[in-house]
Structure formats: C-alpha cells, structure tokens
Amino acid sequence: MKKHIKKHVKNNWWIILIILIVIIGGAKLLSGINTADTSQVRFTSLFERADQIAQDDPARGEGKLTLVEFSDYECPFCAEFYRQVEIRLEEDFPNQIRFVYKDFPLDTACNEKLSRRIHNNACTAALAAECAKEQGMYWQYHDVLFQNQQKLSVSDLKNYASILGLDMTQFNECLDSQKYLEEVKEDITQGQSLGVTGTPALIIGNKLISGLYPYETYKALIEEALQG
C-alpha cells in the first residue's frame, strides 16, 4: 500500500507543484490587494491645502477633507481615474470628502505653455462642461464626457447637452463664444503654479500626487489625512 502511494506521488509530482504555486501566488495576490504601499507615491508638499486652493470650483460632497483633481477630459489616464478611483471614493467616504474638479487640458488651444498639442478636443470639452455648469448640470455632463471620451467633437458635445435636457440655445451660444475660456485658463495657470505638469494630478491635504495609482493607494492616503 505504501509503495502504491509513493508511486502515485512520484508520477504526479508536477500536479502537486502546480497546486502549491497557485496557492502561494493566490495568497500573495490577496495580500497585495489588502495592503497599499504608499511609499512609492510621487508627491510634492504644497504651502497651501486643498481647501484653500478650491474656491468656486465644482465640488461633490461636503466632507471635511477636500480633494482637488486637475484633469483633462480627453486624457485616457484621467478616464481611468474617473472609473477606478473617483466613483469609488465617493462610495467609500460618504460625508467625509469634498471632491473638486479643476481643468488642466493638455491642449494648446487653451494651455499655451505646452510645447505641443497632445489632445485636440480637451479645451472645447472643458468649455462645454462649464456651459453645462451654467445650467446646473455640471456633474451630469462631467460624467457623460468621461463615459464617452472617444467622441468629443463639437457636435458630440452639443448632442450630450441635448440628451441631458439643457437649454440648447443658451448652451450653443455659451460654447460657440468660448464664454468660459478665461476660467479654464485660470485653472491651468493655478495648476502650473502648484507644479502640475500632467494629468491626472490629485491634491490630498497639502500633497500633490502626480500620475495614476491603484485605488487602494489613494484610499490609504485619504484615511491617513482624515486621521491627521
């Protein structure tokens, strides 16, 4: 009987090895999911806190901790931030955070200090969002832009406004005249003065975090700021 068992184990050693690898790998994966390493985060300490930087900008939530994002509606990493981070933060920190959005289009049509035009529709998309804000529909329009990032032509932007039920005469006049161009430029100038060079860039407390990180990293930094 013992010889039979030994022979069986010997013949199937590779199956046992694969099972062990899967078990060990799974344990490490679970460990990585539950533990956020914030030591590798690139951040800059600012003299101002996020709540001082955000004034009359669009904000979600009324929590004590203000987060400020400098973003670009045409930036793929910003869309990923929207899907994987922004929405989840609002779910995980209800009544604890205030999320503020500022425009930082990587588009020379409004961001004049760029050496080259990276996104062709980003400035116009930012202007369209401001026009939606004028009618009290900023966040609904904001969400639609990130959900339809591949379609940001002027006709697309006007179509989204129509779908949301905005006054189209008012919206079209606002967008066609670039009514809020100076407001968008003010966001860009402020971002540049703080050290923003790309998107997404998120300010938590007085820390400017550049680039896109896993959700758990942002969550850990916010929990730390809430305890401070």
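The values are calculated or read from the model by the stated rules, or taken from the named source; none is laboratory data. Note that the structure is predicted; figures quoted are calculated from it, not measured. All Cβ positions, even for glycine, are placed from backbone atoms using ideal geometry, and neighbour counts span all protein chains on display.
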Single residue of the stretch 99-112 satisfying the filter (in contact with a Ser or Thr (Cβ under 9 Å, 6 or more places away or on another chain) and charged (D, E, K, R)) that is farthest from F81 (Cα to Cα): D107
The conditions are (1) at pLDDT 95 or above; (2) over 23 Å from V85 (Cβ atoms); (3) touching a Leu at 6+ places or on another chain (Cβ under 9 Å), and R117 fails exactly one of them. Which is it? (1)
Can you name the condition, by its number, that A79 falls short on among (1) over 11 Å from the mean Cα position of the chain (by Cα); (2) modelled with pLDDT of 95 or more? (1)
